[in-house]
Amino acid sequence: AARAWNSLRSRHVSIELLVTIATAGALVIGEVWEAAAVTFLFLFGAYLEARTLNRTRQVLQSLLDLVPATAIVWREDKQVEVLPHEVSFGETVIIKPGGKVSVDGEVIDGRSAVDESMITGESIPEEKAVGSPVYAGTVNQGGLLRVRATGVGADTTLARIVQRVEEAQEEKAPTQRFIEKFAAYYTPFIIGLSLVVYVIVRDLDLALTLLVIGCPGALVISTPISVVAGIGRAAKNGILIKGGEYLENAGKISVLALDKTGTLTEGKPRVTDVIALIPEPVSMGTVALAASPFETTAAAPGRWSAAQMDVLYWAAVAEAGSEHPLARSILAEAESLGEIPASEHFESFTGRGIYAVYDGNQVGVGTPALMEELDADVPLEAHEALDTLKSAGKTAVLISLNGGIIGVLGIADTLRANAPEM
């Protein structure tokens, strides 16, 4: 009734107006059950539509919950804990290791690896240094960061994503828009036809009966039920559809873009390539290398050759003290090699890699920049291996031993076993 009254006030003829008049007419002629049926169908359709929207809103709220409840800012030469929306633009926000980023901003001090999978879908953390952007809701997995706030509260990237999805929800499906246009003609037609019948035959019961019969209860409920059934079925299969418009347009799809991480892939990086740059660990130029823990004159059984296993072993020795996701990938791949010894000295270079010492051997795992710091010359074939792996969308790291590059590892998120070939 409220919607019908609002439509009259705005001089807009709607289905709600016809439903209200039909319900009143059914009560006048004593057809209580007909009035109840018309009202029930209309309200049930509205309930289903609201339920569909609420499901998606709950998902959106879970996204907003990724932002931490408090932020640590540097004010008056001390750390102050405030609510995220109380942070002023340009203020310095401190992001501790393992903490969530509370604002959008730019790194002004520190280096770290930040998990941005909730924003970008990438499973491998993004390396951050001075000048790098960071986003609210992401997770700092490395060192301490000082960030200058450039977006807070509703002005963050995450909040804008949620807002755009909510705006998309308000957009009606093409069928719903058609029904509204149809109602602008159908409603006055039925009301006018009922009046004509009453004028001609002077039978109020007949005129009101025609009005009740003409009430499009099935039409009103059909679209919400179809939308809810389709979205509900998709949800059971792990597919989130934002609204009816997108469900109806699904039939026109010719190209499908899927979120890779966690959908087509496992969401966990794994070692996919081990490139050994020396056939046997005997020497590289003037740099003497450590003795290999494996026989390298013949291929070892399993996935990797003996030379590749040697590279993987030294990488695992260096990464044994790290909690970085790439380190966990290397250690998981090295499980088949037996127990990995703990290094005697371990040092992490945020955004660049790892340096460790074991049994007098100096081991480095990381970027060319780290190798330069460790005075390890990177040969041409190592650069070529890096370029090849990166062009395939993989993360590539160099392995050095006692000042010489012994190999390159390629790490990437792998396809789920049950993901069909694309």
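We did not get these values from a lab; they are worked out from the coordinates using the rules stated. Not measured: the values here are computed from a predicted model. No Cβ is skipped: glycine too gets one built from the backbone with ideal geometry, and neighbour counts run over all protein chains shown.
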Point-to-point label distance, TYR246-GLU381, nm (Cα→Cβ direction, 7 Å offset): 4.9
Stokes-Einstein translational diffusion, the range 71-155 - Kirkwood Rh over all Cα pairs, 0.692 mPa s, 37 °C, in µm²/s: 264
Gain in span if fully extended, SER226 to LYS268, counting 0.36 nm per residue against the direct Cα distance: 11.4 nm
Extension gain from ASN54 to ASP203, taking 0.36 nm per residue of separation minus the Cα-Cα distance: 49.1 nm
Average projected area [Cα convex hull, the range 305-422], square nanometres: 8.2
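Ranked by Cβ crowding within 10 angstrom, fewest neighbours first, how are LEU380, LEU145, LEU264 ordered?
The most exposed by this proxy come first: LEU380, LEU264, LEU145.
Which FRET efficiency value, to the nearest 0.05, do you get for ASP109 and SER391 by plugging their Cβ-Cβ distance into 1/(1 + (r/R0)^6) with R0 = 25 Å?
0.15
Go through 355-361, 405-411, 252-258 and give me the packing order, highest mean Cβ count within 10 Å leading. Don't skip to the answer; put the middle values down first.
Details: 355-361: 16.1, 405-411: 24.0, 252-258: 6.4.
Taking the mean over residues of other Cβ atoms within 10 Å, the ranking is 405-411, 355-361, 252-258.
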Label zone at ARG160, where the point sits 7 Å out along the Cα-to-Cβ direction: the range 102-123 residues whose backbone N lies under 13 Å: 104-105
ARG328-VAL196 pseudo-label distance in nm [points 7 Å out on the Cα-to-Cβ vector]: 7.3
Spatial separation of Cα centroids for the range 109-160 and the range 21-36, in angstrom: 60
